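These notes are about the structure you will find just below.
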Amino acid sequence: MIEAAERIIRTFHSERLAEFQADDARVVWNSRHSQESRFAVLATVGDLTGATLLDVGCGLGDFSTFLRSRNVQFASYTGIDLNAEMVSAARTKYPSETFEVRDPADEPFAAESFDYVFESGIFNFAVPEWESIARQTMRAMFQACRKGIAMNFLSKLSGNENPEAHYSQPSEILSMIEDDLSAHFVLRHDYRTNDFTVFVYKGSYKA
Ligand SMILES: C[S@@+](CC[C@H](N)C(=O)[O-])C[C@H]1O[C@@H](n2cnc3c(N)ncnc32)[C@H](O)[C@@H]1O
């Protein structure tokens, strides 16, 4: 990721980590409910039983605990985050999970290293060259998956205007996905007013 964008994201999250006690606020969500409502949709990308999972921009790693609390019997969970302080806090919170400081666009995984690759909230910041960063990150996520990826975005259709946030037009995201990844996708814009989720599947795989 270009340095200016990474600095904005890293500084923003490091300040939140230092300022807030509640973990949902530390990873920037308005509430535990808003975080979990996104996780609940991401978890429907496919059958996660026995699957290997990568969580890009894992924050404190709460997605792994969300899945465990719903008795999802995945084979492995790996959380990565570009913010070293976030990864250190995640390791303290969940010592038995695997976390790494990594941006998949800068340090790509080998092709098909994981069954499913997820992100929740990594595209929500207004940064320079947002589209180029988003395209590179989505490509890296898609190449790392064997079955599919699940991603969420803040929606422009919500009418919100927080200047620090990046709101995406669903049709523009679908067009990027069709250009760069695959036309084998699902869009969900039915669970919150300010958010949407896209699943993209490898061509040979049926969810
Ligand atoms: C809004 S927080 C959400 C954390 C977690 N996904 C959750 O829902 O609880 C976004 C996180 O993504 C990380 N991040 C943003 N872009 C990233 C990238 N390209 N690679 C790795 N981590 C990234 C940030 O450092 C931050 O910790």
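Rule-based calculations on the coordinates, nothing more; no lab input. Source: prediction; values computed, not measured. So basically every Cβ, Gly included, is an ideal-geometry build from the backbone, and we count neighbours across all protein chains shown.
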*Report the net charge of residues surrounding L154, where surrounding means a beta-carbon distance below 10 angstrom and charges are Lys +1, Arg +1, Asp -1, Glu -1.*
+1
*Using only helices, what value at 222 nm comes out for the chain when you add -39,500 (n - 2.57) per DSSP H run of length 4 or more and divide by the total residues, to the nearest 500 deg cm²/dmol?*
-11000 deg cm²/dmol
*If you put +1 on each Lys and Arg Cβ and -1 on each Asp and Glu Cβ, how big is the dipole of the chain around its Cα centre, in Debye rounded to 20?*
640 debye
